[in-house]
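Trainee: If you scroll down you'll find the structure; I have some questions about it.
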Amino acid sequence: MPVIPHLSSARVTTLATLSLCLALSACGGGGDADAGAVADNPQIPPVTQPVTPPVTTPTTPPTASEQDLAGFTAAWMSYQMLASVNMLQMAAGGTGSCGLGGTVAYDAVAGTSTLDQCHTRAFPYQVYSGRNSISQLVSNADRSQVSAAIRSPSVRVVSADTGTLEYTITDGEITGDVVSSESGDRFSFTATGLRIRAGQSSDYTISNAGSTSTTVVFRNGQPERTSNNLVYTVSNGTSTWQVTVMSPMHEAGADRPDQGHLMIVRLGALQALNATFANNSITLSGGETGTTRPLAWSDASLQAALAAARK
C-alpha cells in the first residue's frame, strides 16, 4: 500500500491560499490590483480624447435695407394673394364654364365647390384648380348677387402665361358678398386664417383681412382692379406685418399698380414702412432705414427678395 506523504501545516496553508487566489482570479475579483496604487506599481489613468466643439458659422443679421425689402415683399405678395379671395367668392355656388376655360361645379348636397382649370375674364392672369366648402349660400337667379361662407379651401393657383404654380391656398375662412353688373364686380369680404404656400417651403398666414370696397371693372375689355379700405396682417413664420391700403391701389390689366399707397408696420418696428406706387415704380420711405428711396420693379435687390420669398 503506497505511503501518502504527510503535508505539513505550513504547506497546507500555502496550497489553500493559492487555491483561493486562483478562485478569485477566475471570478475577476481579488488580488493586489484592486487594492489601489502602490509606490512601485502606480495605476495608469485612462487615456481620454479631447472633445472638439462644433464649428458654428455666425449668421449675419439682415441690414435695415434688407429688412425693408422683406417687409415690402411680404406685403406685396400677400396683397396679390388676396385677389384669390375675390375669385373664390365669384365661384361660390356656381356651376358651368369659367369664361376663358375650365369649369366650376357646386354640389349642394355635399356643400362643396370644385374648380377645374377655372380661368375667368375678371382674373385672367391666373388659373384655379381645387375645392372648398360652401355654407350660408344666398344667390339670386342670375347670380348678380352672391353671399357665401367659404371654408377649408385647397386651391392651386397657376400662372395663365407660363403654367407654373404661383401658390397654393391650404386653409382659411372667407365670408362676404359679390354684386355684379355689366361694368364689373364689387366685393366685400372678411378672411381669417388664410394659409398660403408659395414655392416649395415659403408659408404665409393672412389674418384679419377685410375690405368693403374692392372692385373689378372692365375698360376696353380689360379688367382693372381697385382695392380700398383693406387691412390685414401677414406672417411668414419669422416676422409679422400689418398692411393697410392708405389710398386706393389701382391695377390696369397686367400692369403693376399705377397708383396706391401701402402702409406696412412690422411687429416691433419703431416706424412704419410706406410704399407708394406711381408710373410702374415704387417709392419706399420710413421703415428700418428711415430714408426715402425710389425702387424700380427690375431692381436686382427687389427681384432677389421676391425670389427668396417664394423659394
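Trainee: In whole Å, what are the Cα extents of segment 66-124 along the three principal axes, biggest one first?
Mentor: Principal extents (largest minus smallest coordinate, Cα): 49, 25, 14 Å.
Trainee: Can you tell me the length gained on complete extension of the stretch Thr170 to Asn279, counting 0.36 nm per residue apart and subtracting the Cα distance?
Mentor: Length gained between Thr170 and Asn279: 35.8 nm.
Trainee: Now for a separate question. Per residue, what accessible area does segment 124-277 have, given a 1.4 Å probe and all protein chains present, in Å²?
Mentor: 48
Trainee: Shifting gears a bit: Give me the percent of accessible area attributable to carbon and sulfur for segment 175-305, probe 1.4 angstrom.
Mentor: 47
Trainee: Would you grab the residues whose amide H sits under 5 Å from the one on Gly172? Only those 5+ places off in sequence or on another chain, please, with H modelled 1.01 Å from N.
Mentor: Answer set, sorted by chain and number: Ser152, Arg195.
Trainee: Same structure, new question: Please list 3J(HN,Hα) in residue order for segment 121-129, calculated via the Karplus relation 6.51 cos²θ - 1.76 cosθ + 1.60 where θ = phi - 60°; whole Hz, with x for glycine and proline.
Mentor: Once rounded to whole Hz, the list reads 5, 5, 10, x, 9, 9, 10, 10, 9.
Trainee: Once you have the Cα-Cα distance between Asn208 and Asn228, take 0.36 nm times their residue separation minus that, and quote the gain in nm to one decimal.
Mentor: 5.7 nm
Trainee: Return the carbon/sulfur percentage of the accessible area of segment 68-120, one whole number, probe 1.4 Å, all protein chains in place.
Mentor: Using a 1.4 Å probe with all protein chains present, segment 68-120 comes out at 58 percent carbon and sulfur.
Trainee: How many nm is it between the label spots at Thr63 and Ala149, if each spot is 7 Å from the Cα in line with the beta carbon?
Mentor: 5.0
Trainee: Given a cut-off of under 8 Å on Cα pairs at least six residues apart, what relative contact order in percent is computed for segment 136-290?
Mentor: 12
Trainee: Along segment 232-246, what does the Karplus equation 6.51 cos²θ - 1.76 cosθ + 1.60 (θ = phi - 60°) give for ³J(HN,Hα), rounded to whole Hz, x for Gly and Pro?
Mentor: So the J values, rounded to whole Hz, are 7, 10, 10, 10, 10, x, 10, 10, 10, 10, 9, 10, 10, 7, 8.
Trainee: Moving on. Percent relative contact order of segment 78-186, based on C-alpha pairs within less than 8 angstrom and at least six residues apart?
Mentor: 20
The values are calculated or read from the model by the stated rules, or taken from the named source; none is laboratory data. Computed from a predicted model, the values in this text were never measured in an experiment. A quick note on method: Cβ atoms are made from the backbone with ideal geometry, for glycine too, and the neighbour counts reach across all protein chains shown. SASA here: full protein model, heavy atoms, side chains in, ligands and nucleic acids out. Shrake-Rupley method; radii C 1.70, N 1.55, O 1.52, S 1.80 Å.
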